[in-house]
Amino acid sequence: MNGDGNAIQKVIADWAAANPKVRRVWVLRRDTKDGEVDIAVELQPVADSEETFALWVADGEAWRSQLQARTGRSVNLEWVDPDKGPVQTDKVLVYEH
């Protein structure tokens, strides 16, 4: 990524570090509309993936809005199911707790 991409990655990493529910965050390298950022989030494990998914459903939209506000970009946010392993695409790990 270019300098602007590195700045966005830092903003995303800072957001994740301030959110104790977040375990890992990747920026996905996909063909998207100009200015969009694709982000995949793995949450800290709860008792099982169904409970973790419930956290995602409860908080995902607010997190997307927070990231859009912080990056100034349109954000596509997706959940990574820890039972299925990491996202299988070209990606950059920007945060790991």
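Taking every DSSP beta bridge with both residues inside the chain, roughly what % is antiparallel (nearest 5)?
Details: 11 of 16 bridges.
Percentage antiparallel, nearest 5: 70.
Within 10 Å, count the other beta carbons around each residue, average over each peptide in 57-65, 36-44, and list them highest first. Can you show the working numbers first?
Values: 57-65: 13.3, 36-44: 19.9.
Result, highest mean Cβ count within 10 Å first: 36-44, 57-65.
Helix-derived [θ] at 222 nm for the chain: sum -39500 (n - 2.57) over DSSP H runs of at least 4, divide by residue count, nearest 500?
-13500 deg cm²/dmol
What distance in nm separates the simple spin-label points at SER65 and GLU36, each placed 7 Å from Cα in the Cβ direction?
2.1 nm
If you stretched the chain out fully between GLN88 and GLN44, how much longer would it get, using 0.36 nm times the residue separation minus the C-alpha to C-alpha distance?
Difference between extended and current length: 13.9 nm.
Amide H to amide H, which residues 5 or more places from GLU78 or on other chains are under 5 Å from it, using H placed in the peptide plane?
ILE39, ALA40, VAL41
Rounding to the nearest 10 and keeping the result within 0 to 90°, find how far the Cα-based axis of helix 3-17 lies from the longest principal axis of the chain.
Helix 3-17 sits roughly 20 degrees off the main axis of the chain.
Given a cut-off of under 8 Å on Cα pairs at least six residues apart, what relative contact order in percent is computed for the chain?
40 percent
No lab work stands behind these numbers, since they all come straight from the coordinates. All values derive from a computational prediction rather than experimental measurement. Positions of Cβ are generated from backbone atoms using ideal geometry, with glycine treated the same way; all protein chains shown enter the neighbour counts.
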